[in-house]
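Engineer: Take this structure, written in structure tokens, and hold onto it; I'll ask about it next.
Derivation of every value follows stated rules applied to the coordinates shown; laboratory data play no part. Please read these numbers as outputs of a predicted model, since none were measured by experiment. Note: ideal-geometry Cβ built from the backbone for every residue, glycine included; neighbour counts use all protein chains shown.
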């Protein structure tokens, strides 16, 4: 009687012998059906999480480095003064041709072009005084061997600090000139100006007296209304200056590398034309480039990076 009671109890719990076997079979069948899939999905998910963690770990040093980037270099000492002389022309000098950066009678527009490597047509917006007000700047870096690129960054820092300049870069489709060399290479015009002058922090560039031609800076450019001369400059510096003269970006397509020296005599763009020639009998800059340097300008369109001025203020005198 007791045995039967225990059996009845077991039957009550498990639902009888046949039902117990059915349940065990169902559990085994479920195990065979779902367990492998669940395991594969779990492994895949774990692998994805692990890969994400490894990627985050590899990028973490870069994120940290980005967050801890060194501040932009700046000049140790810089003087900014308003130039009220009223004379025409301006002059400037960058290292390594001078101890620091110097500018005489330069507009803020010119200073921005120098700092950010943009020509006039690629500098947009800003108040009118950035082209009319003139300044003298003398700036000296901490290190005496600052290069040109580092000096440009220092000048950017100076403009942002003293002129409260805020600017941003954009890419726009604009008319451009392509500079090509039909003869395959630039015509070399000797070794340049043997009387070129080297500037230093103690002797900033000075403007010539009325009627006198300024001397070409060694390793730099001389630009006047009807002349452009250079002493051992790169093609990049050349096209940048051409863009300023023509008020349109110029793209180098010559394939020329290295430096060269030259003198280009031409009539300023916009000069009055009489009988097919200019009043001063100088050729146009297009003709001068072709005849004197073996280069040609082709009009086209292309994407151009421009610098947009969002904010600027007149500096406080020091």
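Engineer: Between residue 153 and residue 316, what is 0.36 nm times their sequence separation minus the Cα-Cα distance? Round to one decimal in nm. Spell out each step's value before the answer.
Structural biologist: Details: separation 163, 0.36 × 163 = 58.68 nm, distance 2.14 nm.
Taking 0.36 nm per residue and subtracting the Cα distance, the gain is 56.5 nm.
Engineer: Provide the FRET efficiency to the nearest 0.05 for the residue 170-residue 281 pair, computing r from the beta carbons and using R0 = 35 Å.
Structural biologist: Working: r = 42 Å, r/R0 = 1.20.
The formula returns an efficiency of 0.25 here.
Engineer: How do 249-255, 153-159, 71-77 rank on mean C-beta neighbours within 10 Å, highest first? Let's see the in-between values first.
Structural biologist: Numbers: 249-255: 17.3, 153-159: 21.0, 71-77: 13.3.
Averaged packing, sorted descending, gives the order 153-159, 249-255, 71-77.
Engineer: Checking the a/c ratio against 1.5 first, then a/b against b/c, what shape does the Cα gyration tensor give for region 102-186? It would help to have the intermediate numbers written out before the result.
Structural biologist: Working: a/c = 1.99, a/b = 1.34, b/c = 1.49.
In terms of gyration-tensor shape, oblate.
Engineer: Related question: In which sequence would 311, 92 go, from the one with the fewest C-beta neighbours within 10 Å to the one with the most? Write out the running numbers ahead of the final one.
Structural biologist: Working: 311 12, 92 21.
Sorted ascending by nearby Cβ count, the order is 311, 92.
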